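Notes follow once the structure below has been shown.
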Amino acid sequence: MENAELIGLSRQTALRRQLDVVANNLANISTSGYKAERSQFAEYIMPTAEASSFQMADRSVSYVWDRGTVTDFNPGAVTLTGNPLDVTLREGDFFVIDTPAGERYTRNGAFQINSEGLLTTSEGMAVQGEGGSISFAPAEVDITISADGTISSSAGLKGKLQAVSFESPQLLTREGASLFAGENANPAQSTFTQGALEGSNVQGVTEITDMIEISRAYQSLSNMLKRMDDLRQSAVQKLGRIDA
């Protein structure tokens, strides 16, 4: 395969990966606390033997290198819901969630109470307070969450929401739509707001525009590679023809 085709293939692979990232962002545009992903690419110069001392020096062969994705931790818009189990917290902080794989962290404060009376995420994983899980009896009403995270109900004090922060959030590993795994979590004295939810920070118009541009670039590149292939086939046919 010629260098031009290999370069085009590397670009097509990068575009497909970028399209997957944009599509995932759009799929989670309504997910509370979701943080958009951004693709990162770089130029990779193929190491080859070269002869730069000649008048017509060797030309470098550059490929597109998919370096992965980064997470955009900018806050999403906050919406007042009036639901006493919906909570937001200060920018940069995370709720602590107990999962089968250990503690995980999220900005999604759409909580609920399960059949066992535990305060959980919408996926059923326990929300952690400073003293462990937070539970309620069936008859308890008037649940309130103060600005410092203290939770109380008609039965009295129930606990205090736990919050953490990270010096380098970009080192967190995404697990699912809104959960993150990481190390070296620092306890945070966050500020909480009851009856409100932080939405996704995905900008729909921007993502759709990116999707259109990616699709056009992919189609344009496919057409160029096809023309190159047609040109090569035509050249082979002409050079291989033997005139009598």
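The values are calculated or read from the model by the stated rules, or taken from the named source; none is laboratory data. Here the structure is a predicted model, which is why all the values come from computation and not from measurement. FYI the Cβ positions are ideal-geometry reconstructions off the backbone, even for glycines, and counts take in every protein chain you see. Keep in mind that these areas ignore ligands, DNA and RNA; they rest on the heavy atoms of the full protein, side chains included. Shrake-Rupley method; radii C 1.70, N 1.55, O 1.52, S 1.80 Å.
Entry remark, the stretch 169-198: residues being open to solvent by less than 20 Å² (accessible area, probe 1.4 Å) and either among the small types (G, A, S) or assigned to a helix (DSSP H, G or I) (or both) number 6 in total. Count, please, the residues in the stretch 17-28 that happen to be open to solvent by 70 Å² or more (accessible area, probe 1.4 Å) and either touching an Asp or Glu at 6+ places or on another chain (Cβ under 9 Å) or among the β-branched types (V, I, T) (or both). Matching residues across the stretch 17-28 total 1.
If the condition is being out of contact with any Leu (no Cβ under 8 Å at 6 or more places or on another chain) and either within 21 Å of F136 (Cβ to Cβ) or open to solvent by 20 Å² or more (accessible area, probe 1.4 Å) (or both), then the stretch 90-107 contributes R90, E91, G92, V96, D98, P100, A101, G102, E103. Counting only residues that are in contact with a Ser or Thr (Cβ under 7 Å, 6 or more places away or on another chain) and of a type outside the set (A, V, I, L, M, F, W, C), which one in the stretch 45-64 is modelled with the lowest pLDDT? Applying the filter and picking the extreme gives D58. Restricting the stretch 233-244 to residues that are at pLDDT 70 or above and open to solvent by 90 Å² or more (accessible area, probe 1.4 Å) leaves a set whose member that is nearest to T13 (Cα to Cα) is Q233. Close Cβ contacts (under 9 Å, 6 or more residues apart or on different chains) running from residues in the stretch 154-182 that are touching a residue at least 12 places away in the same chain (Cβ under 8 Å) and under 18 Å from L89 (Cα atoms) to residues that are part of a strand (DSSP E or B) and basic (K, R) comprise L179/R104; F180/R104; F180/R174. Test G204 against the stated conditions and say whether it is among the small types (G, A, S) and over 30 Å from Q40 (Cα atoms). When the stated conditions are applied, G204 does not pass them. With respect to being within 24 Å of A163 (Cα to Cα) and hydroxyl-bearing (S, T, Y), T209 falls outside the description. When only residues in the stretch 143-164 that are in a loop (DSSP other than H, G, I, E, B) and over 17 Å from N114 (Cα atoms) count, which is nearest to the chain's Cα centre (by Cα)? It comes out as Q162. G76 meets the stated requirement of being buried (at least 19 other Cβ atoms within 10 Å of the Cβ) and closer than 30 Å to R16 by Cβ. For the stretch 131-144, a residue qualifies if it is of a type in the set (A, V, I, L, M, F, W, C) and either under 17 Å from D93 (Cα atoms) or open to solvent by 70 Å² or more (accessible area, probe 1.4 Å) (or both), and the qualifying residues are A139, V141.
Note on the stretch 199-232: among residues that are acidic (D, E) and in contact with a helix residue (DSSP H, G or I) (Cβ under 7 Å, 6 or more places away or on another chain), the one that is least open to solvent (accessible area, probe 1.4 Å) is E207.
Does G156 qualify as being small (G, A, S) and either surrounded by 16 or more Cβ atoms within 10 Å (Cβ to Cβ) or closer than 24 Å to T99 by Cα (or both)? Criteria not met by G156. Does any residue of the stretch 213-232 turn out to be of a type in the set (V, I, T), within 24 Å of the chain's Cα centre (by Cα), modelled with pLDDT under 95 and outside any strand (DSSP E or B)? Looking through the stretch 213-232, at least one residue is of a type in the set (V, I, T), within 24 Å of the chain's Cα centre (by Cα), modelled with pLDDT under 95 and outside any strand (DSSP E or B).
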